[in-house]
Amino acid sequence: MRLRLLLLLVALCAVVLPGCVSTRPQKGMAPVVPYGVGGLIYTNYKAPLATDFDKTPAKPNKIGKAHTTWIYIPFFLPINFAFGEAGVADAAKNGNITEVCYADYEFTRVLFFFASYETIVHGN
C-alpha cells in the first residue's frame with residue numbers, strides 16, 4: 001500500500017511540477033524555452049531574446065510589439081490553428097523602430113489549448 005502511494009505521489013509530481021525545471025542556454029544563444037517545459041495548467045515565460053548586451057544602450061526610446069496566438073480544439077475533429085506574426089522585424093515595424101537595440105519575448109500557455117507568443121523590441 002505504501003509503495004502504491006509513493007508511486008502515485010511520484011507520478012503526480014512528474015505531471016504537476018515540470019514548470020520548476022529550467023534549461024540553460026549556451027553562451028550567446030537566445031534563452032527561448034522549449035514548448036514542452038512548463039506547468040500543467042498555466043505557463044508564462046518572460047526573457048530576453050539575446051544575451052549579448054555589450055553594445056546595448058541603457059534606455060532605448062521606442063518599444064514595438066508583435067504577437068501570435070495558437071488555439072487547439074480537440075473535440076470531435078481536432079482543429080489546430082494559429083494567427084499573427086511575432087517576428088522581430090514585425091515588432092520593429094509596429095513600434096516605428098529603425099534601429100533595434102535588443103528584444104525580449106513573452107510566452108503564455110493555458111491547458112494545452114491556448115498559447116500566445118509576443119516579441120517585444122526596444123530601439124530607436
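Points to keep in mind about this one:
- Positive-pole candidate from PHE113, PHE83, THR98, dipole of the range 77-124, charges at beta carbon: PHE113
- Other-chain or far-sequence residues with amide H under 5 Å of ALA47's (modelled H): TYR105
- Residue-span extension gain [ALA50 to PHE112] - 0.36 nm each, minus C-alpha spacing: 19.6 nm
- 3J(HN,Hα) along the range 62-69, derived from phi through the Karplus expression 6.51 cos²θ - 1.76 cosθ + 1.60 where θ = phi - 60°, amounts to 10, 10, x, 10, 9, 9, 10, 10 Hz, with x in place of Gly and Pro.
- Distance (nanometres) between label positions extended 7 Å along Cα→Cβ at LEU77 and ALA11: 3.5 nm
None of the figures in this text is laboratory data; all of them are computed from the coordinates on show. Everything numeric in this text was worked out from a predicted model, so none of it was measured. We place every Cβ from the backbone using ideal geometry, glycine too, and count neighbours over all the protein chains shown.
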